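Asker: The structure under discussion is supplied below as structure tokens; questions concerning it will follow.
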Amino acid sequence: MRVDVTEQIRICDEVLNDLQDYFLLGDLQTVQDFKNRHAIDDDMLTPMITTELGDRIVEEGALLPLPGIANHPYTVIFNRSGKPVLESARHRIVHRQAGYLLDVTSERIFLFTIPYLQQWDSRLPHLKDHRPSFALPNGMYGVEVLAGYAMIDGSEEPVIEFAIGPADGGFHADFSYRYELE
């Protein structure tokens, strides 16, 4: 079955962080390949926070972390149009950071949360069915993360946008940067 990789922008509303202060973005097959290559068991979280594997998975483009995510429902925008939606005059950008890499090997990326890393194998089917995703052709991408507020139905709502384009070199983002929106 082919995935529709022609969609340029996907907007998902009411995305929750599962009471954790993190969102994670990645291609599930790329994450699984990293897990297998490094012989990580079902609990992927412990080695990610206690060894250099946490840095390596990010630097290699298997996983993009967004720490500092407050417990709000978010609008999440996946965008490969070349023009970030949050740049519109009606919106307010608070955080903006380029330099992330994302390696896509199964034509789909997912936004998920920390609990999935704690029980990767058993929670994978639920993740695929219930978390926001976006189709992309396989390849290495550069990602710029924009976070801020958008005017939605007359009020400011928290928004996170992933501006996805061709990779322009190696990883050079600060992956400990906190995307706090209060």
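Asker: Which one of these does SER106 not meet: (1) out of contact with any helix residue (DSSP H, G or I) (no Cβ under 7 Å at 6 or more places or on another chain); (2) modelled with pLDDT of 95 or more; (3) outside any strand (DSSP E or B)?
Answerer: So SER106 meets the others, but not (1).
Asker: Here's another thing I want to ask about it. Given the residues HIS38, HIS72, which is the only one that is without any contact (Cβ under 8 Å) to a residue 24 or more places away in the chain and not hydroxyl-bearing (Ser, Thr, Tyr)?
Answerer: One residue alone meets the criteria, HIS38.
Asker: Given the conditions (1) surrounded by fewer than 20 Cβ atoms within 10 Å (Cβ to Cβ); (2) under 14 Å from the mean Cα position of the chain (by Cα); (3) assigned to a loop (DSSP other than H, G, I, E, B), and given that PRO137 satisfies all but one, which numbered condition is not satisfied?
Answerer: Looking at each condition in turn, PRO137 falls short on (2).
Asker: Among the residues of segment 57-94 satisfying the criterion of being farther than 24 Å from GLU7 by Cβ and either at pLDDT 95 or above or aliphatic (A, V, I, L, M) (or both), which is surrounded by the fewest Cβ atoms within 10 Å (Cβ to Cβ)?
Answerer: ALA89
Asker: Still on this model: Go through GLY82, GLY99 for me and flag whichever is under 23 Å from GLY139 (Cα atoms) and assigned to a loop (DSSP other than H, G, I, E, B). Even if it seems obvious, please write down each step before you answer.
Answerer: Values: GLY99 fails: assigned to a loop (DSSP other than H, G, I, E, B).
When all the criteria are applied, what remains is GLY82.
Asker: Let me ask something else. State all residues of segment 142-171 that are surrounded by 13 or more Cβ atoms within 10 Å (Cβ to Cβ) and either in a loop (DSSP other than H, G, I, E, B) or in contact with a Pro (Cβ under 7 Å, 6 or more places away or on another chain) (or both); if no residue qualifies, say none.
Answerer: GLY142, LEU146, TYR149, GLU161, ALA163, ALA167, PHE171
The values are calculated or read from the model by the stated rules, or taken from the named source; none is laboratory data. Bear in mind the structure is a predicted one, so any value in this text is a computation, not a measurement. Virtual Cβ from ideal backbone geometry, glycine too; neighbours counted across all protein chains shown.
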